[in-house]
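Inspection log for the structure reproduced underneath, given as structure tokens.
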Amino acid sequence: MTDAPHWTLRLNELAERSDVPGAVLGIWADGEEILACSGVLSAATGVETTPCSLFQVGSITKLWTATMIMQLIEEHRLSLDATVSDVLPGTRISAADIGGRVTIRHLLSHTSGLDGDLFNDTGRGDDCVRRYVDELATAASVFPPGATYSYCNSGFVLAGRVIEALDGRPWEESLRDRLIGPLLLTSTVTLPEEAILHRAATGHEHGDPVHIWGLPRSLGPAGTITGSAHDLLVFARLHLDGGLTAEGKRLLGPDTVATMQRRQAAIPLFTEQDASAGLGWRRSRWHGRLVIGHDGGTIGQTSFLRIVPDARVAVCLLTNSYQGQVLYQNLFPEVFASFGITMPPPPEPLGSGVPAADVTHLAGRYERTARRYDISVAGGTLRATAMTTSSLAALTGPRPDEVALLPADDTGRNFLCRSRETEPWMPASFGELGDGTRYLFASGRIAPRIG
């Protein structure tokens, strides 16, 4: 296995090229752990990144929440087919009151239909998750539960509230008791006053530190874990080792671990082979080989976790920049190639010689909670003007962006876009729900056409 000095050199070279101020790469393979670091935790302070530095892992937190839900199921206190109304009686979910139809399985596989990018700050008290869930009474429902996939942060806050209700304590306390403690983790926290006791990263945008450090506590079950690469690899090994800790303590049964990794719902993502949701996990195949993982993004920080179960290889990358995706695409193919694992090449738009499809019927406004897209046609090319809205805009600003949507194939439905030439191509596709509503699928979420 290539050693730490090699990966430290490559990480520093590629991070500088990718405009990422600081990063930590973690690798677990062949019974060994390798950690490499680069840059600084904050461009304002110049504090250097170390292998034990803490970064916000964002939505990778969802894997921890899903693991605790599965522990409750093994304890016979919950089932995947229990509804929200069964577990949280009296809780109203969306204006359509879908709590009696949304199951735990729907929450963990992003198939609830809830328009779920609400970033409401409901305070710092131990009741903040409950108060957040109370505010879902007026949330929109985009499609019937189980009909399709659309990434849903609110669904995982709901799952966290289920844990609170059954354990009788805040989500963070269950996290410490069920996972952090038994895994002997010393660098995994959820609150800023805990993170400041460690060497913690600050997010950046285009090289400059952001002005808000992290997400509200109310989003905890969906995305507030801050931790080190080592701790994240220890968690990954729990799922590689069939639910056993390194010390031999069983936290999940092997059948439960396997169930979490099984396909629950297809993800309408044309850029990946067999893109699908497990229970918490994102699944795809690299040249037929199953890969599970998750990405995370907070305010100026991005993180990545990929596991190839049959090779028993786990790799994570923690960065303090929105540009982390660029570093991921430059670095991970090299890392996995060192273990004989080939990542698929990134997507590219069709060449100019391919006849253009008529795209005028795709024009219009598409909107979901937290994001609005105005699609227009200019010179036969689709263009999208995107704007962050609602409570997320209060955290990140409106972040307006205008991009060209270039055909990815000849279907007239699948496109690729990017804001800058240095960034990777991102997929966007158009489809139709069962009731005939047209939608744009971008950033893993369905945005219905509203005009």
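The values are calculated or read from the model by the stated rules, or taken from the named source; none is laboratory data. This structure is a prediction, so every number in the text was calculated from the model and none was measured. For neighbour counting, all protein chains shown are included, and Cβ atoms are generated from backbone atoms with ideal geometry for every residue, glycine included. Heads up: the accessible areas ignore ligands, DNA and RNA and are worked out on the full protein's heavy atoms, side chains in. Shrake-Rupley method; radii C 1.70, N 1.55, O 1.52, S 1.80 Å.
For the reader, a short list of remarks on this structure follows.
- Segment 390-448 shape via C-alpha gyration tensor axes, a/c threshold 1.5: oblate
- Summed residue charge, Cβ within 11 Å of Cys37's Cβ, Lys/Arg positive, Asp/Glu negative: 0
- Listed residues His239, His6 arranged by accessible area, highest first, probe 1.4 Å: His6, His239
- The amide H of Ala96, built 1.01 Å from its N in the peptide plane, has Ser141 as neighbours under 5 Å, considering only residues 5 or more places off or on other chains.
- Rounded if a/c under 1.5, otherwise prolate or oblate - segment 31-188, Cα gyration tensor axes: prolate
- Shape call, segment 138-207: gyration tensor on alpha carbons, a/c limit 1.5: oblate
- 3J(HN,Hα) along segment 300-307: x, 9, 9, 9, 9, 9, 10, 10 Hz, from the Karplus curve 6.51 cos²θ - 1.76 cosθ + 1.60 with θ = phi - 60°, whole Hz, x for Gly and Pro.
- Extension gain, Arg262 to Lys249, is 2.3 nm, computed as 0.36 nm per intervening residue step minus the present C-alpha separation.
- Solvent-accessible area of Thr342 with every protein chain in place, 1.4 Å probe, in Å² to the nearest 10: 90 Å²
- Across the chain, C-alpha contacts under 8 Å between residues 6 or more apart give a mean separation that, scaled by the residue count, equals a relative contact order of 17 percent.
- The chain: DSSP helices with Cα axial extent of at least 18 Å and average Kyte-Doolittle hydropathy no lower than 0.5: 61-74, 153-167
- Taking a sphere under 13 Å around the Cβ of Ile27 and counting the other residues whose Cβ falls inside, with K and R at +1 and D and E at -1, yields a net charge of -1.
- Most to least packed among 55-64, 160-169 [average Cβ atoms within 10 Å]: 55-64, 160-169
- Counting Lys and Arg as +1 and Asp and Glu as -1 over every other residue whose Cβ lies under 14 Å from the Cβ of Asn12, the net charge comes to -3.
- Those GluC sites (Glu not before Pro) in segment 241-337 that DSSP places in a loop and that have at most 15 other beta carbons within 10 Å: Glu247
- FRET efficiency, 1/(1 + (r/R0)^6) with R0 35 Å, evaluated for Ile196 and Glu423 via beta carbons: 0.65
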